[in-house]
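Here is the structure we will look at.
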Amino acid sequence: MVHACLLGISGGDVPPRIIASDTGAVVSARGRLIVGWACALVLATGFARLGVWQLHRAVEKEHLLADVGRVLHERRPQPLVIAANSARALDYDWAAGRGRFLATPPLFLDNQQREGRVGVRDYAVFQPVGGMPMLVDMGWLPIGAARVLPHVSAPAGEVDVRGL
């Protein structure tokens, strides 16, 4: 009978009505509007917070790049053992020292791009004199379409290293 009422072919005194649950729950346009606006406000607030976070990250990045530029301009060498100081983990220094590369396999960081070409960054384990072992960036190497890793070897014997 409800379907007949919706189609306008009711026969008698049954008023047309919308199909609803037996619990008597009423869905109103006002209720949907309030829920919709609440969701929109929550989303807008979340996106605004993300924007503020990005602005803070931009300022942090500018400070970091300024610190790197200052260190590269001054190039005042610090001992390599300064890298083991966990209190200075977020600081940049121009470090220099003597030591030897350990006979470990190279560590490659894949999917690194340079001037539109794909390659890998090569890292080697370096043991400074009187310090803890550390990774040294040996540079970027191109990698071909066959994805064959390049053969690299670290310098033998004691060497002097310096860098950021």
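The values are calculated or read from the model by the stated rules, or taken from the named source; none is laboratory data. Keep in mind that what you see is a predicted model, and the values were worked out from it rather than measured. Cβ atoms come from the backbone with ideal geometry, glycine included; neighbour counts cover every protein chain shown. Calculation scope for accessible area: heavy atoms of the full protein, side chains included, ligands and nucleic acids excluded. Shrake-Rupley method; radii C 1.70, N 1.55, O 1.52, S 1.80 Å.
Things worth noting here:
- Among the chymotrypsin sites (Phe, Trp or Tyr not before Pro) in the stretch 48-123, none is located in a DSSP loop while being surrounded by at most 10 other Cβ atoms within 10 Å of its own Cβ.
- Rounded to whole Hz, the Karplus (6.51, -1.76, 1.60) HN-Hα couplings of the stretch 138-143, x for glycine and proline: 8, x, 9, 10, x, 10
- Rounded percent of accessible protein surface that carbon and sulfur make up, the stretch 29-74, 1.4 Å probe: 70
- Spin-label model distance (nm) - Ala145 vs Met132, 7 Å beyond Cα toward Cβ: 4.5
- Globularity ratio of the stretch 77-163, using Cα Rg and 2.2 N^0.38 Å: 1.22
- Trypsin sites (Lys or Arg not before Pro) within the stretch 114-164, DSSP loop, no more than 11 other Cβ atoms inside 10 Å: Arg147
- A Förster distance of 22 Å, applied to the separation of the beta-carbon atoms of Arg49 and Leu90, puts the FRET efficiency at 0.35.
- Backbone N within the stretch 138-162 under 20 Å of label point (7 Å from Thr104 Cα along the Cβ vector): 138-141, 150-162
- Accessible surface of Glu158 - all protein chains present, 1.4 Å probe, nearest 10 Å²: 110
- For the stretch 105-115, Karplus couplings with θ = phi - 60° (6.51, -1.76, 1.60), whole Hz, Gly/Pro x: x, x, 10, 10, 9, 7, 6, 9, 9, 8, 6
- Database remark: amide H of Val118 closer than 5 angstrom to the amide H of Ile143 (H placed geometrically; neighbours at sequence offset of 5 or more, or on other chains; Pro and chain starts carry no H).
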